[in-house]
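Below is one structure, written out as structure tokens, with a few remarks after it.
The values are calculated or read from the model by the stated rules, or taken from the named source; none is laboratory data. Since we're looking at a predicted model, the values are computed, not measured. All Cβ positions, glycine included, derive from the backbone under ideal geometry; neighbour counts span all protein chains shown. Surface accessibility is based on the protein's heavy atoms, side chains included, excluding ligands, DNA and RNA. Shrake-Rupley method; radii C 1.70, N 1.55, O 1.52, S 1.80 Å.
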Amino acid sequence: MDYNNCYIITGASKGLGKALSDQLKANENNLVIGIARSVLKSEKNFTGISLDLGDVESLIKKLDEILPDSPFKKVVLINNAGWIGEIAHTGYISPQSIQDIYQINVIAPALLMNAFMKKYDQLPAEKLIINISSGAAGKVTDGWSGYSASKAALNQMTAIAQQESDLRNRGFRLFALSPGIIDTPMQETIRSASEENFSSLSKFKSFKSEGALSTAEEVALKVQFLIDNHQEFNGVLQDVRKF
């Protein structure tokens, strides 16, 4: 079957990625390709690909499988998968954690962006990349050196890729989107950190106790709004709390 639209979503097994997958596959005109470490059941217009984005060699080998051929009217890559990493002060972070966070938060989205823009360069369609970033990219938060720095790198490479697309009139639209604070397993990990390694611990615990966390479904609707109305948004850096 030919589909009008193709959505490729990383981290599709839980949180925002699952909410987006569920929302988008409800439209039978959409082909949704979900990527996650866990096994995702393929059904109807949803294709699940089991892949650890921290395994760079495996990701490179699967790029052709991830990016399908078809005369789509719209193709969208949503680099949603991310990892908070080991919450610890510099000097007390394991070397493996430092390697893993950059592989998942920077190298994997860079590889997918690069392959996506090569694959669909000549496709006369709407072509969007939504990189899920974080407000932490512009903040100094102890214990979060890897997460904040990796999201800052994601913002910068998104902005440069947009400039490159514009210079050659290639037709891609790219956004680095801060999703706000969502009630996901990542927040559980943050709340389980020690105050010794993370001085903002009590503030993040209060987000949960005071009901200040957004649901993944609420944020998924805002991501969809950005995709459907991207012509109305100026600039690469966006924040769901502002629309």
Given (1) among the aromatic types (Phe, Trp, Tyr); (2) open to solvent by 70 Å² or more (accessible area, probe 1.4 Å); (3) over 20 Å from THR10 (Cβ atoms), number of the condition TYR102 does not satisfy
(3)
When the range 192-230 is checked residue by residue, the ones that are acidic (Asp, Glu), closer than 14 Å to ILE182 by Cα and over 24 Å from the mean Cα position of the chain (by Cα) are GLU210
Residues in the range 145-168 that are over 18 Å from the mean Cα position of the chain (by Cα), of a type outside the set (Lys, Arg) and over 22 Å from LEU226 (Cβ atoms): how many?
2
Just checking: which of the helices (runs of 4 or more DSSP H) contained wholly in the range 138-243 hold 3 or more residues that are open to solvent by less than 60 Å² (accessible area, probe 1.4 Å) and under 25 Å from ALA108 (Cβ atoms)?
145-167, 185-191, 216-228
Which members of the range 28-43 meet the condition of being open to solvent by 60 Å² or more (accessible area, probe 1.4 Å) and either within 23 Å of PRO179 (Cα to Cα) or in contact with a Gly (Cβ under 9 Å, 6 or more places away or on another chain) (or both)?
ARG37, VAL39, LYS41, SER42
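If you take the residues in the range 52-85 that are part of a loop (DSSP other than H, G, I, E, B) and under 15 Å from the mean Cα position of the chain (by Cα), which one is farthest from ASN114 (Cα to Cα)?
ILE84
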Looking at LYS74, is it touching a residue at least 60 places away in the same chain (Cβ under 8 Å) and within 29 Å of ASN229 (Cβ to Cβ)?
yes
Is it true that some residue in the range 14-23 is without any contact (Cβ under 8 Å) to a residue 40 or more places away in the chain, of a type in the set (Gly, Ala, Ser), out of contact with any His (no Cβ under 7 Å at 6 or more places or on another chain) and not in a loop (DSSP other than H, G, I, E, B)?
yes
Checking the structure you have, find out if any residue of the range 85-99 is within 19 Å of ILE35 (Cα to Cα), open to solvent by 10 Å² or more (accessible area, probe 1.4 Å) and out of contact with any Lys or Arg (no Cβ under 9 Å at 6 or more places or on another chain).
no
Which numbered condition in (1) under 14 Å from the mean Cα position of the chain (by Cα); (2) surrounded by fewer than 19 Cβ atoms within 10 Å (Cβ to Cβ) is the only one that GLN122 fails?
(1)
